[in-house]
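Bear in mind that the values in this text are calculations on the coordinates, not laboratory data. Predicted model only: the values in this text are computed from it and were never measured. As a convention, Cβ positions derive from the backbone with ideal geometry for all residues, glycine included, and neighbour counts pool all protein chains shown.
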Amino acid sequence: MFCDQCGTQSSPDQQFCSNCGHSFTGAPIAAAGAPPPVWTPPTGVQAHATRWIGAGWALVKADMGAYVLATLVFFLLSGVPFIQGALIAGFHIYTIKKMTGRRADFADLFKGFNFFIPTLVAMLLISVFTMIGTVFCIIPGLVVAAALKFTYLFIVDKRMDFWPAMQASHDIVKQDYFGFTVFLILAALVNVLGFLCCFFGLLVTFPLTIAAITVAYQEIVGFDPHSIDAV
């Protein structure tokens, strides 16, 4: 099982998280020796790139000021080494709360640090795998990047460690490599357009792409209400 507060994996018979000390009392504890719950990917998944990007735009447009300010804070902090993964996770948490009608504030951008280790390792591995794929004629790099796009969402929503989260993301995307790669390319082109608009356009296009990925995850996987309320 995974701690609701920091995402650290713990054995089923533990009463407290070994990382943050959070008490598991009152939470359902699996019987000692029982295997951890297994997430089963949905079948027949197909990418709907334009629909997801359109839904992401509608989400950002409905609260433009807050998203622009949140993105500005994100950009200012993202230059600090090794924290980009936690910041991306925090932006997903912020967006999940927006999508589910919960109160979202700037503090949510920093809640990705509750999952600092898994997001850090995931970020490093995704960067390495994408770089290796890019060496082989670029296209494999795009496919790898697309295949791992839901990793941070699985970490914060399903409390998975970095490797199971990467595998879960791949289990979804491999059902439609082409469609999800097109989704990634369209999202990248949107950000290129934002960059060309005197850079400031990225303050709109970056949260749009984060929102589109989160919309896609909600449609395919669905959010865990307990996880949303715990962060």
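At-a-glance table
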read-out: Label-point gap, in nm, between Q167 and H48 - each point 7 angstrom along Cα→Cβ; value: 3.0
read-out: Two-site label geometry, K61 and D229: point separation in nm, points 7 Å out along Cα→Cβ; value: 3.3
read-out: Extension reserve of the L189-T40 stretch, reckoned as 0.36 nm per residue once the Cα distance is removed; value: 50.4 nm
read-out: Theoretical gain in end-to-end length, F178 to I138 [0.36 nm per residue, Cα-Cα removed]; value: 13.0 nm
read-out: FRET efficiency, F110 to C197 (Cβ-Cβ, R0 25 Å, nearest 0.05); value: 0.35
read-out: Prolate/oblate/rounded call for region 49-230, Cα gyration tensor, a/c under 1.5 rounded; value: rounded
read-out: Low-density loop cleavage sites - chymotrypsin sites (Phe, Trp or Tyr not before Pro) in region 181-231, where at most 12 other Cβ are within 10 Å (DSSP); value: F199, F200
